[in-house]
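Below is one structure, written out as structure tokens; the observations come after it.
The values are calculated or read from the model by the stated rules, or taken from the named source; none is laboratory data. It should be emphasised that the depicted structure is a prediction, and the values quoted were computed from it without experimental measurement. Quick reminder, even Gly has a Cβ in these numbers, built from the backbone with ideal geometry, and neighbours come from all protein chains shown.
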Amino acid sequence: MESYTTSTMNSSHFEVKDNLAKLLATENLIVEHKQVDTACFNVETRVLTLPMWQASDNVYDMLVGHEVGHALYTPVEPWKKGRYEDVPPSFVNVIEDARIEKLMKRRYGGLSKSFYKGYKELHVKDFFETDGKDFTEFAFIDRINLYFKLGAFEVIPFKEDELPIVETCKGLETFEEVLELCLLIYNNLKDAEEEIAMQLPELDAHPEKEDKDDNKTSDPVYVENDKNGTDDSNPLEDLSTGKGEKEEKKFEEDQSPDQEIINPEQPWDTMSNEGGIESNLKPDEFTAETQEAFNSNQRQLVDEGAKETVYLDFPKLKMDKIVVDHQRVSTYLKKWWKETANEEFRYHYSTIGTDDKLTYSNFGGQLKEKYLKYKKESSKGVNYLVKEFECRKSADAYSRAAVSRTGVLDTTKLHTYKFNEDLFKKITVLPEGKNHGLIFILDWSGSMQNVIGDTVKQLLNLVWFCKKVQIPFEVYGFTYECPKEWQHSEMDDRGNWHMSEVIDMEENVLYLNPSFRLLNFLSSSRTSKEFEKDCSNLFKLASSFQKHMPEFIPYGLNLSGTPLNETIVALRDLIPEFLNKHKVSKLNTVFLTDGESCTISRVNKVERHWEDQWRWGRVSLHQNCQIRDRKVGRIYPPCADWTWNSNVTKILLDNLTDNFPSVATIGLRIVESRDVSRFHYTYTKDNNYLESDKRSWSKNKSAILKPGGYSVLYGIASTNLNKETEFEVKENASKAQIRTAFKRNLKAKATNKKVLSSFVDMVA
């Protein structure tokens, strides 16, 4: 026999069995592996709970197939009421097991092999505790259980009067029929027990009669089981519904002289008194001992040392707290800079001026001039993007064009009528192009300080491009910081003020920091005048960071942490809102960032012995945590190391794609030269960073990857990002200096053009 260790039953194994269950059920079940004794299925919540089994594939598949059978065929409604109130649950379990396993084997022919080998393996291990025992001594319900589970390799005996019941059990198709048969078995066992109790004094007084009656007991009949379990007959239905006089008569003629028709409403004590149910009924006749033994021994398969899997669900978000719309951002910036316009402040930055004193308005005016200058310089690049986009879109349209005849003669071809049959005009039908949309996610974290200005420049190029080709877009900056008026604070029982949660707190959902915000800097829904003002404000704000001018930065808009993972979770709500608003058929989500996300945790209950009641808290993710999405019916494999946040990012991006298959996720990653190898490994998991890759990066200062999670990921060197595209040299520069500056300028333009061309190709 095979042996199985804990290491064998790894997460990938569980994932395979999860997928098997879903395929068998033809629905997206929620499958959970937990520290439970036996498998079970909640027909209401559609959650299939499986123990942490250490079992062979045959046993595992058999157990999974069995539980899925309940998921498919066992009804949700409770049955233990009315006329079925007194029916022992063990009877229903045994008979229902026989029915659903038959239906599963009928539906999936290959599953019969798993049932056969699985039960055989467990029988060898004596899971039903039948070794050394006489099958004739088992109660009737136990023999039915053994017949349908072990009958393929054991001969189970039945008496003549029991055979119709067994045949009826074979033909059961509905749960109602199961209950009727269980009621029949129960009533007759009960009636037989009462009859025996009444006869006991008489039996004691007449021992000779007891011996005589014993001689009348019929010998058991040994029946062979149908190994395929595909018997479609239903004697119970035939008998209970009365299908016609001829059929009923034929059925009666086919019976042996001492065999009577079974009627669900007819108690067993009306049958022949000779044979039938044993006359030595015991209290345990109402319990399927073999099934209890199986359930008890099944616990041997459970790996008690395995750490229970924690399943994490996505939280319900309070988007009104998370998203700060573009109007609020714009109004706040305008108010801040206006109120402080005449206030003088001291600073030192030699490239702006020699004065030690400069007003906010003067500084803002200089930044505005720089903005207008950059916009003018970028117009050629933006027009290039527009041209590239239109060309590629047209090429795609013509590749799908259809040519059809019009039925109108082409007079220019009439002279060719003798050798050309095609004399009709043709028309080329171009399919309608797709409606595009873009959501830009801007990293507003502290590590971006030295490149935030240049990143915003790249972003502005892209939004100007969108504006020209009339692609709807939104730009969000993710952050952990915001002004007080955007905070939603609440007071606790102790009188302390706290940021209110941005999610509905439930156990084992992903936790989002209450200070997490998405700042809607730019939007295509703004008027041209408003949009121009918003672009100018974002340019000035970003330039202030890069020029180290903290005095010019409004309170609450400082760079902070990197809630990238939390942003991806929020996109699950933002994307459908965008699609519904703009009615686009193709949406691209673009992430502009320079690093990995901050850690994300989960909600848990905190109970302390010194506190009167529990409260909600949060705890870090560990190796046994698995994220699941009930909507798409998928459970994602756990990360080997949850602290490696790119792994979590990949899972969340994969989930985003599962929810929105038509939405592309594009990453624009700003990379320091010293981090190129780590960047390559993080997203490819390839330790072999080849010399060719190094040379390519050294030459182009960019890389294009297609890792898991992102549809495509662009790596751009931070040193190349901040190179000005304008050609500038010193006044008395030599020819060599001019040549070097010119080459540097062309290289910067070529790099930007290459990346942007690839981006446009992706969008188009």
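Results, tabulated for the structure shown:
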{"read-out": "Residue check for Ser394: farther than 23 Å from Lys581 by Cβ, outside any strand (DSSP E or B), hydroxyl-bearing (Ser, Thr, Tyr) and at pLDDT 85 or above", "value": "no"}
{"read-out": "Residues that are of a type in the set (A, V, I, L, M), within 33 Å of the chain's Cα centre (by Cα) and farther than 22 Å from Val92 by Cβ, drawn from segment 104-142", "value": "Leu111"}
{"read-out": "Candidates Phe138, Phe148, Phe158, Phe128, filtered to the one that is touching a Pro at 6+ places or on another chain (Cβ under 7 Å) and among the aromatic types (Phe, Trp, Tyr)", "value": "Phe158"}
{"read-out": "Condition met for Pro661 (assigned to a loop (DSSP other than H, G, I, E, B) and surrounded by 14 or more Cβ atoms within 10 Å (Cβ to Cβ))", "value": "no"}
{"read-out": "Strands (runs of 3 or more DSSP E) lying entirely in segment 531-644 (those with 2 or more residues that are of a type in the set (Gly, Ala, Ser))", "value": "615-620"}
{"read-out": "Flag if Leu24 is touching an Asp or Glu at 6+ places or on another chain (Cβ under 7 Å), part of a helix (DSSP H, G or I) and at pLDDT below 75", "value": "no"}
{"read-out": "Single condition Asn604 does not satisfy, out of (1) touching a helix residue (DSSP H, G or I) at 6+ places or on another chain (Cβ under 9 Å); (2) modelled with pLDDT of 90 or more", "value": "(1)"}
{"read-out": "Any pair with Cβ under 7 angstrom, 6 or more apart, that starts in segment 525-548 at a residue that is surrounded by 22 or more Cβ atoms within 10 Å (Cβ to Cβ) and ends at one that is of a type in the set (Phe, Trp, Tyr) and in a helix (DSSP H, G or I)", "value": "Phe539/Tyr371; Lys540/Tyr371"}
{"read-out": "Matching residues, segment 130-166, being in contact (Cβ under 8 Å) with a residue 12 or more places away in the chain, charged (D, E, K, R) and not in a helix (DSSP H, G or I)", "value": "Glu154, Lys159"}
{"read-out": "Any hit, segment 488-506, residues being in a helix (DSSP H, G or I), of a type outside the set (Asp, Glu), over 23 Å from Thr599 (Cβ atoms) and modelled with pLDDT under 90", "value": "no"}
{"read-out": "Close pairs from segment 305-319: first under 16 Å from Ala570 (Cα atoms), partner among the acidic types (Asp, Glu) and at pLDDT 85 or above, Cβ under 6 Å, at least 6 apart", "value": "Lys316/Asp504; Leu317/Asp573; Met319/Asp573"}
{"read-out": "Considering residues of segment 281-328 that are over 27 Å from Tyr119 (Cβ atoms) and at pLDDT below 85 only, the residue surrounded by the fewest Cβ atoms within 10 Å (Cβ to Cβ)", "value": "Pro283"}
